[in-house]
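Undergrad: Please see the structure below; I have some questions.
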Amino acid sequence: MSAFRILDDFYKDVLSSYPPQGEALLRQLTPEAWRHIAFRYILSVAAMTSVSHIIEEAAAQSRGTAHLHVSFQFMSRFLPQVERYRTISLGIARGWIYGAMDVHEPGGPILPASLRWINTEGTPLVQYWFVVAYGPGLFMSLLAREISALHGAGRYYEGFYAFDRDISYQLLLILHMCFPEDVPMPRRPEELQW
């Protein structure tokens, strides 16, 4: 079984285990509440961006201990965020940015040394938006698949959010299996040092 199939199975299994929520929940949560919840959803791009920023900022506040894995699906969606990620890179240990090379950018985007571009062109990962912050005491995961809008041309995502060390670890393990040359084997949660 391929690593990409394992990711798809993992996504389906975890998704079905959480209660569904809507975008209204996002406006009700305090920053601390994100450390105690897990839910599945269908969200707009704006709502996905809000959740992504919460995870990114938590990683950036880790004082150089967290790893951050983020999928933009396509480079064209990442390029407007390069400056934001230069700032985020100052607070994390390392980061991996995933996406297909849909625009000509020889060698990928110019990134700080702590960030690495992973080209997902030709893989099922172009269907997924994910953000994983992983480090001592920080286990935030957002994993969603792009779905068709019921009406109109908007982009929507069905997925889950969890603050769960095992889910974060499993997701990173799968990313390592997908890209063993580019993504290191994650340390087990109990091995992470404060």
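Undergrad: Tell me, yes or no, whether region 70-83 has at least one residue that is of a type outside the set (S, T, N, Q), at negative phi and modelled with pLDDT of 95 or more.
TA: Yes, region 70-83 contains a residue that is of a type outside the set (S, T, N, Q), at negative phi and modelled with pLDDT of 95 or more.
Undergrad: On to the next question. Of all residues in region 1-43 being among the acidic types (Asp, Glu) and either within 17 Å of the chain's Cα centre (by Cα) or modelled with pLDDT of 85 or more (or both), which is surrounded by the fewest Cβ atoms within 10 Å (Cβ to Cβ)?
TA: Initially, region 1-43 is screened for residues among the acidic types (Asp, Glu), giving 8-9, 13, 23, 32.
Of the ones still in play, those that are also either within 17 Å of the chain's Cα centre (by Cα) or modelled with pLDDT of 85 or more (or both) are 8-9, 13.
Working: Asp8: 16, Asp9: 12, Asp13: 10.
Among those that are among the acidic types (Asp, Glu) and either within 17 Å of the chain's Cα centre (by Cα) or modelled with pLDDT of 85 or more (or both), it is Asp13.
Undergrad: Let me ask something else about it. Tell me, which residue of region 44-66 that is within 11 Å of the chain's Cα centre (by Cα) and in contact (Cβ under 8 Å) with a residue 12 or more places away in the chain is farthest from Ala133 (Cα to Cα)?
TA: Here the answer is Met48.
Undergrad: Let me ask something else about it. Report, by residue number, each residue of region 148-173 that is touching a residue at least 40 places away in the same chain (Cβ under 8 Å) and buried (at least 20 other Cβ atoms within 10 Å of the Cβ).
TA: Tyr157, Gly159, Phe160, Tyr161, Ala162, Ile167, Leu171, Leu172 - these are the residues of region 148-173 that are touching a residue at least 40 places away in the same chain (Cβ under 8 Å) and buried (at least 20 other Cβ atoms within 10 Å of the Cβ).
Undergrad: Residue by residue through region 177-194, note down the ones that are exposed (fewer than 15 other Cβ atoms within 10 Å of the Cβ) and closer than 19 Å to Ser2 by Cα.
TA: Once the filter is applied, which keeps residues that are exposed (fewer than 15 other Cβ atoms within 10 Å of the Cβ) and closer than 19 Å to Ser2 by Cα, region 177-194 yields Pro180, Glu181, Asp182, Pro184, Met185.
Undergrad: Looking at region 75-98, which of the residues that are out of contact with any helix residue (DSSP H, G or I) (no Cβ under 7 Å at 6 or more places or on another chain) and part of a strand (DSSP E or B) is surrounded by the fewest Cβ atoms within 10 Å (Cβ to Cβ)? If you could, list the steps in order and put the result at the bottom.
TA: Filtering region 75-98 for residues out of contact with any helix residue (DSSP H, G or I) (no Cβ under 7 Å at 6 or more places or on another chain) gives 75-87, 89-90, 93-94, 96.
Pick out the ones that are also part of a strand (DSSP E or B) and you get 94, 96.
On the way: Arg94: 15, Trp96: 20.
It comes out as Arg94.
Undergrad: Among the numbered conditions (1) within 15 Å of the chain's Cα centre (by Cα); (2) at pLDDT below 95; (3) hydrophobic (A, V, I, L, M, F, W, C), tell me where Ala133 comes up short.
TA: Just one mismatch for Ala133, condition (2).
Undergrad: Among the numbered conditions (1) charged (D, E, K, R); (2) within 27 Å of Phe10 (Cβ to Cβ); (3) modelled with pLDDT of 90 or more, tell me where Asp102 comes up short.
TA: The one condition Asp102 does not meet is (3).
The values are calculated or read from the model by the stated rules, or taken from the named source; none is laboratory data. All of these numbers come straight from a predicted model, not from anything done at the bench. Virtual Cβ from ideal backbone geometry, glycine too; neighbours counted across all protein chains shown.
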